[in-house]
Amino acid sequence: MSETERLRRWRLVLGGDEADGTGHVLAGRDAGIDRALGALYDSDRKAGLGASAPSVPRWLGDIRDYFPTAVVQVLQRDAFERLDLESMLTEPELLEAVTPDVALVSTLISLRGILGGRTKDTARLVVRKVVEALTKRLEEPMRQAVAGAIDRASRNRRPRHAEIDWNRTIRANLRHYQADYATIVPETRIGYGRRQRASLKDVILCIDQSGSMANSVVYSSIFGAVMASLPAVSTRFVVFDTAVVDLTEEIEDPVEVLFSVQLGGGTDINRAVAYCESCITRPDDTILVLISDLYEGGVEAGLLARAQRLVASGVQMIALLALSDEGAPSYDRALAGRLAALGVPSFACTPDLFPDLMAAAIRKGDVTAWAAQAGIAAVAAAPEA
């Protein structure tokens, strides 16, 4: 790196006041980048990005011109936090200028109570744009993973002669080809899947809608909608804080789900799991995914008793500490360890890995072993007191 380039970078980092010591003068595009960063990060220029200031739309446009999308999203989040720009989201013109992302969707959901008229309509369009982009990225992997797991779970491994799937059987036994006889010995026979019931698996997504779980709610709504469209899976979508709301009837439209949740408030996981327990009719064929940071505000002993009862009945219960790309989440480590000791694996999961997690659960595989293979650290079981 040349000395000039090094000074240029330091000048952009330090902001150009008298103490920067670089002696480097910015011009052209670099000067524009410096102005955009200074408007956000120079404390003496805070007033320049007030919510009603006409410079806000221009600033939003500038950062899109100067930086890649990932950086734009970081700058927008910093603006909301540092300069109290949440109020800008009540202005349709400014909202239209923002680059949509999951964090923005979470913010809009939390502000939905103060949005009205044209602003609410604009907010819905922004949320739908993000949801559609995420669905495009995540839908097909989810469909393939779940459909593949269902297919393997229903495949007939002891078929009668009339039930043999000869194409699959031949492929599975090519290693047993006998050259002397010019034939294949079918040691493994694969039959057509047995007739499916209305659903092979019942999946319950039980989502904590406290403020810290906002991004997880966004991703959960999308995956819930995809699974609800699969005939072999019956999907129930439940959100909770200190109350429990069943949004299963709305799950086909993730945007409606997101505008129905109420982010923030307390947390009563025990009450939510109690509701889910009341909905279970086929324990051996039920997967209960609790998506929560496990900061229980209800009765922890009741939650643990229910979890133990559910696992003993045959329900596959999984605790996801987060379903997001935000990195290591904050969660109640003690409660996670107690759940793990009861046979409820607890770990965080990124959206890209969630389809494979559900496939492993549908196949009744060892979810903890799957997590280890995927490079996910599961919470260790807490030792008995």
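Each value in this text was obtained by applying a stated rule to the coordinates, not by laboratory testing. Everything quoted here is computed from the prediction, not taken from an experiment. With ideal geometry, Cβ positions are generated from the backbone for all residues, glycine too; neighbour counts draw on all protein chains shown.
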_Along the Cα→Cβ direction, 7 angstrom out, place labels at residue 301 and residue 252. What is the inter-label distance in nm?_
4.6 nm
*How big is the charge dipole of segment 201-373 about its Cα centre, in debye rounded to the nearest 20, if each Lys and Arg gets +1 on its Cβ and each Asp and Glu gets -1 on its Cβ?*
640 debye
*With label points built 7 Å along Cα→Cβ from the Cα atoms of residue 184 and residue 139, find their separation and express it in nm.*
3.6 nm
*Give the Cα extents of segment 272-385 along the principal axes, in whole Å, largest first.*
31, 29, 24
*asked:* Among 343-352, 29-38, how do they line up by average Cβ neighbours within 10 Å per residue, starting with the highest?
replied: 343-352, 29-38
_R0 of 30 Å, Cβ-Cβ distance residue 284-residue 352: FRET efficiency to nearest 0.05_ = 0.55
*Sequence ranges 183-189, 121-127, 313-319, ranked by mean other-Cβ count within 10 angstrom, highest first*: 313-319, 121-127, 183-189
